[in-house]
Amino acid sequence: MKKFYLLITAFLIVSSIGAQQNVYKHKLKDYKSFNQPNKPIVNSTIKNVIYSNTFDNASDWVLAHDVNDCSLDWQIGQGLACTGSYPISTIVSTTSTDGYAMLDSDAYGGANGGTEIEDSWMTIANPLDFNGYTNLVVEFETNYRRYNFETPYIVVGIGDGTGNVTWPDLDPGTDISMMSNVFHAFPSWVNGAGGGNVGDATLNPELIQVNISPALVGLDTVQLSDIYIRFNWTGTWGYAWFVDDFKIVEQPDNDLQASTGYIFETTKQGVEYGRTPINQLNSSFTIGGSVFNFGALDQTNVSFVADFTGPTNFTSSSSLALIENDSTVTFENDETLQLQVGVYNGVFTVSSDADTSGGATSNNNTFERSFEITNDVYSIDGIGNHPTGYEDLSSIGTGSWLDPGNADNFICANMYHIEQTDVLNSVRVLLSQSGTGSNPGAEISLVIYDSATFLFEPFDPQSAIYRSEPYVLTTNDVTNGYFEIDIPPSNIGWDPLTNTSIWENLSLTTGNYYIGVDLISYANTYDIRILDDETVPQPYYSSMIYLPVDQTVYSNGNAYAIRMIMGASVGINEVVTNKVNIYPNPTSDVLNISTNSNDLSELTIKDITGKIVLSQKFNTKITINTENYSKGIYLIDVKNDLGTVSEKISVQ
């Protein structure tokens, strides 16, 4: 049985983020494109391989299902791909060219999802002889994404010498704590029967190791000569599970693994910001990580050290006299730090008396983490700063949903902690071209909500404390991979002493806010996708979505690339605003444009690709013949001595 311990020098209590009742919904199924690089499996540990199988011969496996539950089966072959409404990428394993296994639960459930408790398995056809071995590990390469509470198992079948095995009947909520021959395929995702993390995805591929040694304890020689391994899928309308390069290897005696490493400000409720403006920074940090003893032996005098280098260097360390085999320990310290502007790179290292640097299994004794302190950029995502090989990106957008009603007024938002009142100058959003891509013509409005308004139902999308004028995505935006929406100062009155307008920037006072984008694709005509940084796991409330069909907020997302640019805007000393009237809108034949400026105005009309279709100067008023214009969206810019006004029109 796995054991979990928590070693905390100073225990962190995460406060609630609102006083109202939290009714957040679990992740909703989406078509989420993953942009992580396909990373080959690299493992320098010397292994004694007892058995291996690359799925090049389907007859090596028996494929079956519980006929009382479903009719879904695994598939084995070359070139297999998901065929459902929400596919994940095909595995790019080490030997994928000669075949692999796939369980496509999404296709089986159909477009709207099934109701069956799927119970499908893939069992090695011929028995394995484990006589002479006491510590063994199942190892395989995989690509898998979890929807809600599906539970994949690894089951060790124990025969009677003639192939007769009593197999357990499993479902997603089975309590396996008393079953010595049943193991979770992804143990770090599971917290009790049927619980754990939802929406998680592996790398493609990711190497999984499951210690099956407890299943062999007490077996006689006949039983040890008649062992079978089963991949058992249970769940309802999940995504898909790919498996390849299956091995049975001997478990090393000494193998500590640095599973995670983290650093966050203690006042920011567990959110690990990728970039933090220095004026929003506190000095109190929590630094820690988890260590798994995968070896067969207990480890003594264990040291966990986090070394960070950057504009300033700092170290946080912990130690423990003993970590038992097959157990996980979390080390955690509270530290006071004085950080400066720049990028910090951290290396978390675990060692013991028997598992030291440079040893046979020391290749997995480190974990890396980077973050940046900035002058003005505030982001949960750390895209561009992650250690080499760690960056794991996906995307979500208007094309992520089967229901076309979610293609317009779909909202993605990040929660930000404002520690000191500051001006929000603009918001920059990184785009993705995966899936349906990001297309010129998509319309975006920047929206800002108080966290208590956004996170707790009933949520009203019109309750924003700020909503920008619509911004239309251009070809240049798509080419550059991002768009930026400026927040202009607002006119709050007139100063009779100076005979000038009084202007004010948008300031965010101390508190928690959701900074989001309201996306309109015009019924998927101009789809748009936002990058989501999945490299560093964040609390569920850090990134959320709103679906207009459900009128509900969901926890899809990890760290959307929605970045705040802080600091006062400049050039706000205009005395009179530029007032421009453009009508009719929409139009089919003529367009009238007038301005309150007495000076010459410059008119520019661009199509949705950014191509200039008309550039002309005029005084006070102009009429444009649009009869020969193609139907679609056009961008109007009117520039004169009073400033520039941009509007969007539709030609029908």
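A few notes on this one:
- Cα principal axis extents for segment 70-139, largest first, Å: 50, 29, 19
- Taking other residues whose beta carbon is less than 9 angstrom from the beta carbon of Phe285, and scoring Lys, Arg as +1 and Asp, Glu as -1, yields -3.
- With all pairs of separate Cα atoms included, segment 188-303 yields a Kirkwood hydrodynamic radius of 18.9 Å.
- Highest-first arrangement of 276-289, 581-594, where packing means the average Cβ count within 10 Å: 276-289, 581-594
- Restricting the calculation to Cα atoms, segment 367-446 yields a radius of gyration followed by a Dmax of 15.7, 43 Å.
- Partner aspartates and glutamates for Lys611 [C-alpha distance under 16 Å; skip if fewer than 8 residues away on the same chain]: Asp477, Asp637, Glu647
- Overall, the chain carries a charge dipole of about 1580 debye about its Cα centre when +1 sits on the Cβ of Lys and Arg and -1 on the Cβ of Asp and Glu, all other atoms neutral.
- Stokes-Einstein diffusion for segment 104-232 at 10 °C, viscosity 1.306 mPa s, with a Kirkwood radius from C-alpha pairs, works out to 100 µm²/s.
- Placing unit charges on each Cβ (+1 for Lys and Arg, -1 for Asp and Glu) gives the chain a dipole about its Cα centre, and among Val138, Thr361, Gly84 the Cα reaching farthest toward its positive end belongs to Gly84.
- Label zone at Asp353 (point 7 Å along Cα-to-Cβ), backbone N below 11 Å, segment 276-304: 298-302
- Phi angles across segment 238-252 convert, under the Karplus curve 6.51 cos²θ - 1.76 cosθ + 1.60 with θ = phi - 60°, into 3J(HN,Hα) values of x, 8, 8, 9, 9, 9, 7, 6, 7, 9, 10, 10, 6, 6, x Hz, Gly and Pro given as x.
- Simple rule: put +1 on each Lys or Arg Cβ and -1 on each Asp or Glu Cβ in segment 46-178, find the dipole, and look at Ala111, Ser93, Tyr51; the Cα lying farthest toward the positive end is Ser93.
- Nearest-20 debye value, segment 520-652 charge dipole, Cβ charges on Lys, Arg, Asp, Glu: 260 debye
- Per-pair calculated FRET efficiency, R0 = 35 Å: Asn524 and Asn375 via Cβ, rounded to 0.05: 0.35
- Across the chain, the volume of the C-alpha convex hull divided among the residues equals 172 Å³ per residue.
- For the peptides 363-372, 637-646, residues were scored by their other Cβ atoms within 10 Å and the scores averaged per peptide; the highest-first order is 363-372, 637-646.
- Net lengthening on full extension, Thr309/Asp460 (0.36 nm per residue, minus Cα-Cα): 49.9 nm
- Heavy-atom accessible surface of the chain, averaged per residue, reaches 41 Å², computed with a 1.4 Å probe.
- Over the chain, Cα pairs under 8 Å with separation of 6+ residues give a relative contact order of 14 percent.
- For Tyr522, neighbours were defined as the other residues whose beta-carbon sits under 14 Å from its Cβ, and their charges (Lys and Arg +1, Asp and Glu -1) total -2.
- Accessible surface of the chain, 1.4 Å probe: 49 percent of it comes from carbon and sulfur atoms.
- Calculated log₁₀ intensity ratio I(q)/I(0) where the Debye formula runs over C-alpha points of segment 502-652, q = 0.11, 0.13, 0.15, 0.19 Å⁻¹: -0.69, -0.88, -1.01, -1.14
- Protection proxy ranking for 303-311, 219-227, 345-353, using the average of other Cβ atoms within 10 Å per residue and placing the highest first: 345-353, 303-311, 219-227.
- Counted residue by residue at 0.36 nm each, then reduced by the alpha carbon distance between them, the extension gain from Thr604 to Ser650 reaches 15.0 nm.
- P(r) weight above 22 Å for segment 311-411, C-alpha pairs, percent: 56 percent
The values are calculated or read from the model by the stated rules, or taken from the named source; none is laboratory data. Bear in mind the structure is a predicted one, so any value in this text is a computation, not a measurement. Neighbour counts run over all protein chains shown; Cβ positions are idealised from the backbone, glycine included. Side chains included, ligands, DNA and RNA excluded: accessible areas come from the protein's heavy atoms. Shrake-Rupley method; radii C 1.70, N 1.55, O 1.52, S 1.80 Å.
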